[in-house]
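A quick write-up on the structure given underneath.
The values are calculated or read from the model by the stated rules, or taken from the named source; none is laboratory data. Bear in mind that the values here come from a model prediction, so they are computed numbers and not experimental data. Every residue, glycine among them, receives a Cβ derived from its backbone with ideal geometry; neighbour counts consider all protein chains shown. When the accessible area is computed, the model is the full protein with side chains, heavy atoms only, and any ligands, DNA or RNA have been set aside. Shrake-Rupley method; radii C 1.70, N 1.55, O 1.52, S 1.80 Å.
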Amino acid sequence: MALSSEDFAVDSPPAAAPPSVDFDWRSHRKYVVFIFAVAFFLNSLDRNIMNILQQSIKDEFHLMDWQLGLMTGFAFAAFYNIIGIPTARFIDGGAVRRNIIAGGLALWSVATALCGITQNFWQLLLCRASIGVGEGTFGPSTITMTSDYFSPTGRAKAMGTYLLGLPLAALIGLPLGGWVATHYGWRAALMLVGAPGLIVALIVRLTVREPPRGLAEGKVVTVEAPIPVRQVFAIVTRKKTVVHLLAAAALSSFSTVGGAVWFPAFLQRDFHLDAEQVGATWGIVVGLTGALCAFGGGWIADKYGARNPKYYMSLPALAMAISLPFYLVATITGNYWLCFACLIVPSALNNSWIPAGIAVTQRLAPMAMRALLGMFVTMAANLIGHGIAPPVIGGLSDAFTLYLGNDTEGLRWALIVSAIFYPWAALHFWLASRSIAAELED
């Protein structure tokens with residue numbers, strides 16, 4: 001059922017006249033998107049470099065695949081989500097987001113570097129959890145700041161632009177990290193990628209300007225206190241679009257993020273590659289295609305979504321459906337070149353929903369609830385994609401390995417099973433497209 005403005009009359013804070021700002025915010029917002037892209041580059045690199053290092057870590061610490069999944073995924077995602085909710089509440093209550101971004105960036109950078117001096121599995125698990133704490137502050141802060149700097153019809157493009165940091169981390173960072181790991185060890189690679197974040201954190205703190213809430217929309221809300229989480233969740237989930245978007249984000253991330261975590265190890269096992277080779281080939285495939293789709297996905301979503309909002313959700317549904325057969329062929333074939341050729345399609349389309357999906361959350365809730373709704377969606381994606389998928393796929397790999405007697409075939413069948421979530425996610429994106437037009441707030 002669609003909600004009217006009366007649903008929020010009691011709980012929404014009073015509106016204030018848009019204040020004047022003492023800087024050229026239309027020019028400054030371009031710099032903000034750029035620095036967010038740099039920060040997201042480091043965010044993605046620090047989070048995902050473990051994917052190409054985990055085979056070396058497994059060999060040194062004598063770990064099972066389920067332990068690798070717990071280390072790369074659950075430890076990170078659990079604390080990412082634990083810290084994300086209170087961060088979003090602080091933001092909806094009026095906290096200075098620039099400072100939150102800078103502090104979180106410094107924390108996850110230090111934690112990444114500390115991973116390089118760990119001496120056992122449990123120490124590594126603790127450091128990965130600390131990375132999740134730091135990165136949990138980033139999403140709700142950047143999402144709402146972008147919404148305040150850009151109008152509803154330009155947000156997906158803006159978010160797609162700074163989300164370029166994700167594929168660029170794969171394109172530049174993973175080959176570099178793989179080369180360092182091959183020649184100097186996995187510990188050196190982690191310390192190398194963690195250090196630059198401290199410099200960027202200082203730059204964010206000193207140069208990024210905090211915009212008034214609602215600046216780009218010409219309406220500023222003075223927030224006196226954050227609305228209770230339970231109340232926000234109860235209100236926004238009365239919208240069918242929100243429910244289906246949450247489901248689609250979670251389901252798609254099982255296949256896309258779970259596959260991204262385990263495919264580097266699978267390539268090493270199936271084609272006998274080292275970390276440097278996987279970093280180069282995997283990084284190029286994921287980086288180039290992902291960069292094209294991160295920006296292109298946001299641009300296309302804004303172009304067609306301005307005509308009809310259903311395209312914000314129907315285009316991701318199409319992307320998930322198209323990805324499935326290519327993902328399966330890449331997993332099944334034993335041919336190196338065919339595998340990488342097929343990986344181009346899901347690598348390009350896997351994250352195409354993110355710019356549109358996150359931008360839409362800022363139109364499905366009142367201003368005082370935007371950070372929390374954006375966090376709900378990123379929580380769903382991270383809890384399932386980073387938290388549940390890696391250890392589940394790792395556990396399936398161990399089980400199939402025990403049955404088949406070969407860890408390459410065990411991981412292959414685990415990845416095949418994980419592909420079932422592609423069509424399931426496509427269904428929920430399509431269902432969201434049917435209700436979105438009637439449920440937007442603006």
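Brief remarks on what is shown
- Checking Trp122 against (1) among the hydrophobic types (A, V, I, L, M, F, W, C); (2) farther than 14 Å from Met50 by Cα; (3) in contact with a helix residue (DSSP H, G or I) (Cβ under 7 Å, 6 or more places away or on another chain), the condition it does not meet: (3)
- Gly69 satisfies every condition listed in (1) surrounded by fewer than 19 Cβ atoms within 10 Å (Cβ to Cβ); (2) over 27 Å from Val229 (Cβ atoms) except (1).
- Test: Gly334 is more than 22 Å from Leu245 (Cα to Cα) and not in a helix (DSSP H, G or I): yes
- Screening the range 162-185 for residues that are open to solvent by 20 Å² or more (accessible area, probe 1.4 Å) and among the hydroxyl-bearing types (Ser, Thr, Tyr) and picking the one that is modelled with the highest pLDDT gives Tyr184.
- Tabulated pairs, the range 23-49, first under 12 Å from Phe138 (Cβ atoms) and at pLDDT below 90, second among the hydroxyl-bearing types (Ser, Thr, Tyr) and surrounded by 13 or more Cβ atoms within 10 Å (Cβ to Cβ), C-beta under 8 angstrom, 6+ apart or interchain: Asp46/Ser109; Asp46/Thr112
Residue-wise test of (1) touching a helix residue (DSSP H, G or I) at 6+ places or on another chain (Cβ under 8 Å); (2) part of a helix (DSSP H, G or I); (3) open to solvent by 10 Å² or more (accessible area, probe 1.4 Å).
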| position | (1), (2), (3) |
| --- | --- |
| Asp46 | yes, yes, no |
| Asp59 | no, yes, yes |
| Leu63 | yes, no, yes |
| Phe79 | yes, yes, yes |
| Ile83 | yes, yes, yes |
| Leu107 | yes, yes, yes |
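- Looking only at the range 233-251, residues that are farther than 17 Å from Ser435 by Cα and either touching an Asp or Glu at 6+ places or on another chain (Cβ under 8 Å) or surrounded by fewer than 22 Cβ atoms within 10 Å (Cβ to Cβ) (or both) come to 2 in all.
- Checking Leu372, Leu383, Leu292, Leu315 one by one, the residue that is among the aliphatic types (A, V, I, L, M) and open to solvent by less than 20 Å² (accessible area, probe 1.4 Å) is Leu372 and no other.
- When the range 346-376 is filtered for residues that are among the aliphatic types (A, V, I, L, M) and under 19 Å from the mean Cα position of the chain (by Cα), the ones remaining, listed by number, are Ala348, Leu349, Ile354, Ala356, Ile358, Ala359, Val360, Ala371, Leu372, Leu373, Met375.
- Among the residues of the range 252-282, those that are open to solvent by 40 Å² or more (accessible area, probe 1.4 Å) and either at pLDDT below 90 or within 18 Å of Ala359 (Cα to Cα) (or both) comprise Asp274, Glu276, Gln277.
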